[in-house]
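Reading through the structure tokens given below for one structure.
Readers should treat all values here as calculations from the given coordinates under stated rules, not as data from a laboratory. Quantities reported herein were computed from a predicted structural model and do not represent experimental measurements. So basically every Cβ, Gly included, is an ideal-geometry build from the backbone, and we count neighbours across all protein chains shown.
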Amino acid sequence: MPYDLATGASTRPLRLAYAADYEERGPAGGGVVATEDLENHGYALLELDEALEQALLDQSTDQPSSSSSPSTTLVIRGQPRDEAVLCTSSSTFALRRVEWSNALLVVDAGSAADAAEDEVQPGTSATIQATLAHLLEARPIKANTTRLPELMAQAKAVWDGVSPLTKVSACTLDELRAQVQASDYELVEGLVHYDIVQLEDGGYRQITSEHLCHVLASIFTACAAEDIRLDDRAPVTLRQCFAFMGLAPSTRQGGSCSSDDADLLSPMVVRHCFRKFATTCDADGASGDAAMHVDEAAYEDRPHVFVESSVCRYIGQEVLRQHKSIHYEQHAFMEAWSASVPEGYTVSLDMLEGICIPNETDDAAGSGAAPKTLLYLPIDELPRDPAARMRMLFDMRAKWSAEELRVYLADIAITPAQIDMWLMKYARRVTATGAMARHGKRKAHGQPSTEQVWYCARIIGAT
């Protein structure tokens, strides 16, 4: 509502002539303005950079198809104890309040609003709508969807593929929106990443990894029976896969999985496997990420190829997770992993970046032998704060290469320059000559000199 500046016992509009030098002269008549008279009535000044402006322009054509309700143009999301973030339909921005030394008066000048600034004469009346002593800075950040598994566990919305859906709790998309600090587009990507699927009854539930592996194996088995090897040279549509697996159309529309249908797979979980492990290969060239937001009916007829690295990465993480130890003997793991992936797929430790790292020991590195064990270190379980994450990484291993650290910082950094800044702030660069030098051993006479750059903790235990 409009707000008038109070002077003593009377209330009247502030004249524009007094706004520029208000602190020096005070209001006309010499009245004292109380602090509570300058409160803000629902206005905020937001700094608009090119990234946020472009996000606002793009959002009208970049809506996720699975939204259950229209997306708000701009919304601040998070719980009361969270730092506020500003979300558009496709991007997330951190907000920071910047105080000013002077207050900005937002006024309604009435008829004077149509006049040029240099034509406004002293004595023109205007009503103060708000006073602003700060602005909000918005900077783009990576959305944080790591809260999703915890939310699903708290709601007991986890499905094993066997229990009747009527006996398993579910979440709605609006409930997840209210608690996860992410735009709608990024939230949908988070749902796919954490295997949270909208099942036949419309509710969202997290699929257990055991059941998802079972469904994935069923897809490969059904396609193999049709002489289709799911790789980058054998496209298949979701509709074809439904037919191969004997899933009737009636099951895909409005049906539900019950304990009596324990052997009948949910088509919605099969669809999820396509989104998670496959990418489109049709003429329009849409990528797998873009395909998550296309029309559901059209999605079933789009040719897909399964991505070998995505399938192997997921299965490799499951092998490590089920080991129930952060250390795994490398040779035994590679054998177990190779035996678990589909026939014809080849595994490589490069596929597990951000999931595990070589646990190099002084003896192994000193003898030139390959690392004997792997350290299970999934990036999703690390703190989101850069300082806390760097401290945890250096607690796990004393020395890291720049490439290894970049992998474990990529999910919270917007640009490579931001990672460089964190390396300078929280780590100490060490240059060693020869592979043995970093372990305190001398280089043999005549051996060629090779420099290696490593990063150590700048301050041990610093926050």
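Between Q54 and I414, the modelled labels are 1.2 nm apart [label points 7 Å from Cα along Cα→Cβ]. Under 5 Å from the amide H of R428 lie the amide H atoms of C456, A457, R458, each residue being 5 or more positions distant or on a separate chain, with H modelled from the backbone and absent for Pro and chain starts. Here D232 and R96 are evaluated by their C-beta separation; at R0 = 41 Å the FRET efficiency comes out at 0.40. Taking the number of Cβ atoms within 10 Å of each Cβ as an exposure proxy, the fewest-first ranking of L187, L135 is L135, L187. Karplus-derived 3J(HN,Hα) values for region 411-424, using 6.51 cos²θ - 1.76 cosθ + 1.60 with θ = phi - 60°, are 6, 10, 9, 7, 10, x, 4, 5, 5, 4, 5, 5, 5, 5 Hz; glycine and proline are entered as x. Could you tally the net charge around E137, taking each other residue with its Cβ under 15 Å from the Cβ of E137, Lys/Arg +1 and Asp/Glu -1? So the environment of E137 carries a net charge of -3. Sum up the charges of everything whose Cβ sits under 11 Å from the Cβ of S309, counting Lys and Arg as +1 and Asp and Glu as -1, but leave S309 out. Result for the local shell: -3.
Summary of packing: across the peptides 313-319, 47-53, 198-204, the per-residue average of other C-beta atoms within 10 Å ranks them, highest first, as 313-319, 198-204, 47-53. With 24 Å as the limit, the listed pairs K372/K425; K142/K425; K142/K276; K399/K425; K142/K372 have K372/K425; K142/K372 beyond it between alpha carbons. Other residues whose C-beta falls under 12 angstrom from the C-beta of P342 contribute a net charge of -2, scoring Lys and Arg +1 and Asp and Glu -1.
Highest mean packing first, where packing is the average number of other Cβ atoms within 10 Å per residue, the peptides 267-276, 150-159 line up as 267-276, 150-159.
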